[in-house]
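Contents: one structure, followed by commentary.
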Amino acid sequence: DAGITQSPRYKITETGRQVTLMCHQTWSHSYMFWYRQDLGHGLRLIYYSAAADITDKGEVPDGYVVSRSKTENFPLTLESATRSQTSVYFCASSENDRAHNEQFFGPGTRLTVL
Amino acid sequence: SQQGEEDPQALSIQEGENATMNCSYKTSINNLQWYRQNSGRGLVHLILIRSNEREKHSGRLRVTLDTSKKSSSLLITASRAADTASYFCASRMDSSYKLIFGSGTRLLVRP
């Protein structure tokens, strides 16, 4: 049971390049989320998805694009990476259950933009 | 702006002591959750307390919620060196499945 995985775990890229971070979950959870974590800011929501083909902006969506063609995958693309996007990115998923709603997190991707 | 703010930002205690972390939020919530993050890892869910609950226990964890003050606290009793981690509160508003995370408390438990 793999749970939720992210790839790559580490990525170094250059300003202006396109980068895609992958997220895959094996639970068939309806909801998936992308966060970035920076010192002093905790976790900030970038985008989230309630189901396949349904996505919505979070707190800091600028410069990012997401898609959700399959329930289990939720890739995050930086169309033209900037240094300010250097961060640790976490993917998370949760069930469509109003009574619970706890989120399960992947191990993170550490992205450095030079 | 973030919904949750946590206090203190950092806490250092001796093994065996209790650790208390506080969280404040701004709008009405459906539930409030606490997560733990070990260095270099993802967050792990610890405990959830609903808006109609005032206190909840899970092992050595005790969470309280005061909706009139829009605040919550996490108490870890009889702390261990293995409890060293960052702890985050996350609030879920009534009308949303999103969680809004606080900035976290870094706990160091000295052996």
Roughly speaking, what is the centre-to-centre gap between region A:44-114 and region B:27-96 when only Cα atoms are used, to the nearest Å? 22
Which is farthest toward the positive dipole end of region A:1-67 among A:T20, A:Y47, A:G58, measuring Cα position about the Cα centre, with Cβ charges +1 (Lys, Arg) and -1 (Asp, Glu)? A:T20
Just the number, please: Stokes-Einstein D of chain A in µm²/s, Kirkwood Rh from C-alpha pairs, 20 °C, 1.002 mPa s. 153
The orientation-averaged projected area of the Cα convex hull of the protein assembly as shown, in nm², is 12.2
Grab every C-alpha pair in region A:41-93, bin the distances at 10 angstrom width from 0 up to the longest one, and report whole percents. 22, 57, 20, 0
Using modelled backbone amide H atoms (1.01 Å from N, in-plane), which distant-in-sequence or interchain residues come within less than 5 Å of B:T84's amide H? B:V109
Averaged over peptide A:47-53, how many Cβ atoms belonging to another chain are found within 10 Å of each residue's Cβ? 1
Gyration tensor (alpha-carbon) shape descriptor, region A:24-66, a/c threshold 1.5: oblate
Kindly write out, for region A:43-57 in residue order, the coupling ³J(HN,Hα) from the Karplus curve 6.51 cos²θ - 1.76 cosθ + 1.60 (θ = phi - 60°), rounded to whole Hz, with x marking Gly and Pro. 9, 10, 6, 9, 8, 9, 9, 8, 5, 4, 6, 10, 10, 8, 6
Please work out the FRET efficiency for the pair B:S12 and A:S28, using the Cβ-Cβ distance as r and a Förster radius of 30 Å; give the result to the nearest 0.05. 0.10
Binned at 10 Å starting from 0, the alpha-carbon pair-distance distribution of region B:1-47 in whole percents comes out as 19, 48, 29, 4
Among B:83-91, B:10-18, how do they line up by average Cβ neighbours within 10 Å per residue, starting with the highest? B:83-91, B:10-18
What does the highest-first list of A:101-107, A:75-81 look like by mean Cβ count within 10 Å? A:101-107, A:75-81
Semi-axes of the equivalent ellipsoid of region B:17-75: what are they in whole Å, largest first, if each equals the square root of 5 times a C-alpha gyration tensor eigenvalue? 20, 14, 11
Net charge of neighbours whose Cβ lies under 10 Å from the Cβ of A:I46, counting Lys and Arg as +1 and Asp and Glu as -1: +1
Once Rh is set to the Kirkwood radius over Cα pairs, what Stokes-Einstein translational diffusion coefficient, in µm²/s, holds for chain B at a temperature of 4 °C and a viscosity of 1.567 mPa s? 93
When the dipole is taken about the Cα centre of region A:1-71, and only Lys, Arg (+1) and Asp, Glu (-1) are charged at their Cβ, what size is it in debye, to the nearest 20? 160
Taking 30 Å as R0, compute the FRET efficiency from the Cβ-Cβ separation of B:E53 and A:V88 and round it to 0.05. 0.40
Given Cβ charges of +1 for Lys and Arg and -1 for Asp and Glu, the option among B:V109, B:L43, A:M32 whose Cα lies farthest towards the positive end of the dipole of the protein assembly as shown is B:V109
A:A51-A:E72 pseudo-label distance in nm [points 7 Å out on the Cα-to-Cβ vector]: 2.0
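Computed from the coordinates by the stated procedures, all read-outs in this text should not be read as laboratory data. Quantities reported herein were computed from a predicted structural model and do not represent experimental measurements. Note that each Cβ is placed from the backbone with ideal geometry, even for glycine, and that neighbours are counted across all protein chains shown.
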